[in-house]
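Q: Please read through the structure below; I'll follow up with questions.
The values are calculated or read from the model by the stated rules, or taken from the named source; none is laboratory data. This is a predicted model, so every value here is computed, not measured. When we count neighbours, we look across all protein chains shown, and the Cβ atoms used for this are built from the backbone with ideal geometry, even at glycine.
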Amino acid sequence: MSLPQAVLTISTDVLADINADERLAFAYAHGPALSGFGDDAELVCVWETDAVPEGVDGEAVHLTVAEFEGLLDSLMLGEGWEEPDAEALHVIARFAEGTLLADDSELGSKARAEVTEFPQALADASRTAVERDSEAIAKRLGQAEDPWELAEVLTHGLHRAYVALFAAAGHFFPGREHRREFVERYLLGDEVPEAEAAVWAAAELPRAERAEALPEAWRSLTRVVLANC
């Protein structure tokens with residue numbers, strides 16, 4: 001299968017020069033062009049050095065092998081996924097969805113083999129968190145008066161719910177962008193996006209109505225997620 005044009009471009013315009021550096025352990029591309037939801041791609045270079053070399057190309061993302069492996073190990077232990085901006089989940093999910101472009105060290109292939117064995121610890125931890133925190137989140141949503149607090153509770157709660165949903169099916173949650181498309185691709189069920197839409201609709205109701213409708217919408221979403229876990 002031929003690579004998307006965006007990936008070919010970064011391979012020739014960015015990676016070609018970097019790949020000559022013997023310190024480069026492996027490099028991979030990820031992004032909408034590879035997942036089929038857009039035209040963009042990003043290059044990630046992983047270096048077999050104590051620190052990312054100075055003067056590296058700013059068009060790519062750079063990590064050391066130690067940093068990458070630390071993030072991977074964290075997820076394998078069921079950690080590093082709890083927050084929407086969790087670096088471990090962000091990096092490893094994109095690696096799992098991406099494609100290796102350089103791998104002289106074979107460390108990239110080793111990591112690829114590792115992510116194909118989805119960590120049961122992550123599936124267990126995320127499902128437990130959703131089940132454990134459902135009622136506390138519902139209570140906070142019913143009591144929230146500050147829109148900022150409301151958005152924060154919803155963002156964190158939904159992130160964890162989607163992590164659990166994807167993990168139950170053996171996938172790393174790739175993030176909020178294109179989540180509906182990924183749910184459809186992995187056959188995770190139409191009911192989850194519908195339940196999420198009901199949560200956001202309830203969040204937009206006037207304060208008095210929201211205090212009752214939003215907690216119930218959240219409980220409904222939690223039930224749907226757990227039923228699919």
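Q: Counting only residues that are among the basic types (Lys, Arg) and more than 16 Å from residue 158 (Cβ to Cβ), how many does the range 198-220 have? Break it down stepwise before answering.
A: Pass one, the range 198-220, residues among the basic types (Lys, Arg): 207, 210, 219.
Subsequent filtering for residues that are more than 16 Å from residue 158 (Cβ to Cβ) retains 207, 210.
Adding up the residues that qualify gives 2.
Q: Let me ask something additional. Looking at the structure I just gave you, is residue 10 farther than 21 Å from residue 93 by Cα and touching a residue at least 12 places away in the same chain (Cβ under 8 Å)? I'd like the intermediate steps shown before the answer.
A: On the way: farther than 21 Å from residue 93 by Cα: no; touching a residue at least 12 places away in the same chain (Cβ under 8 Å): yes.
So residue 10 fails the test.
Q: Right, something else. Please name all residue pairs, on different chains or six or more residues apart, with Cβ atoms under 6 Å, provided the first residue is in the range 203-229 and is touching a residue at least 24 places away in the same chain (Cβ under 8 Å) and the second residue is surrounded by fewer than 16 Cβ atoms within 10 Å (Cβ to Cβ) and not charged (D, E, K, R).
A: Matching pairs, first to second residue: 211/142; 215/142.
Q: If you don't mind, there's one more thing I want to ask. Please give the number of the condition residue 104 fails out of (1) surrounded by fewer than 18 Cβ atoms within 10 Å (Cβ to Cβ); (2) under 20 Å from residue 159 (Cβ atoms).
A: Every condition holds for residue 104 apart from (2).
Q: Also, quick follow-up: Looking at the range 57-75, which of its residues are in a loop (DSSP other than H, G, I, E, B) and crowded, with 16+ Cβ neighbours inside 10 Å? Show your work before the answer.
A: To start, the set of residues in the range 57-75 that are in a loop (DSSP other than H, G, I, E, B) comprises 57-60.
Passing the criteria: only 60.
Q: Mind checking which pairs have a first residue in the range 46-74 that is under 13 Å from residue 24 (Cα atoms) and a second that is among the acidic types (Asp, Glu) and not in a helix (DSSP H, G or I), Cβ under 6 Å, 6 or more apart or different chains?
A: Filtered contacts from the range 46-74: 65/48.
Q: Go through the range 41-56 and report how many residues are surrounded by 14 or more Cβ atoms within 10 Å (Cβ to Cβ) and either part of a helix (DSSP H, G or I) or not β-branched (Val, Ile, Thr) (or both).
A: Looking only at that region, the number is 7.
Q: I would also like to ask the following. May I ask you to say which residue of 113, 151, 123 is among the aliphatic types (A, V, I, L, M), on the phi < 0 side of the Ramachandran plot and surrounded by 13 or more Cβ atoms within 10 Å (Cβ to Cβ)? Please lay out each step first, then the result.
A: Numbers: 113 fails: surrounded by 13 or more Cβ atoms within 10 Å (Cβ to Cβ); 151 fails: surrounded by 13 or more Cβ atoms within 10 Å (Cβ to Cβ).
Exactly one of 113, 151, 123 is among the aliphatic types (A, V, I, L, M), on the phi < 0 side of the Ramachandran plot and surrounded by 13 or more Cβ atoms within 10 Å (Cβ to Cβ), namely 123.
Residue-wise test of (1) surrounded by 20 or more Cβ atoms within 10 Å (Cβ to Cβ); (2) in contact with a Ser or Thr (Cβ under 6 Å, 6 or more places away or on another chain); (3) of a type in the set (Asp, Glu); (4) under 22 Å from residue 85 (Cα atoms).
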residue	(1), (2), (3), (4)
136	no, no, no, yes
144	yes, no, no, no
157	yes, no, no, yes
164	yes, yes, no, yes
167	yes, yes, no, yes
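Q: Could you tell me which of the residues 96, 161 is outside any strand (DSSP E or B), closer than 30 Å to residue 206 by Cβ, under 14 Å from the mean Cα position of the chain (by Cα) and in contact (Cβ under 8 Å) with a residue 60 or more places away in the chain? I'd like the intermediate steps shown before the answer.
A: Values: 96 fails: closer than 30 Å to residue 206 by Cβ.
The conditions single out 161.
Q: Restricting to the range 164-183, what's the tally of residues that are part of a helix (DSSP H, G or I), at pLDDT 95 or above and among the aromatic types (Phe, Trp, Tyr)?
A: So the count comes out to 1.
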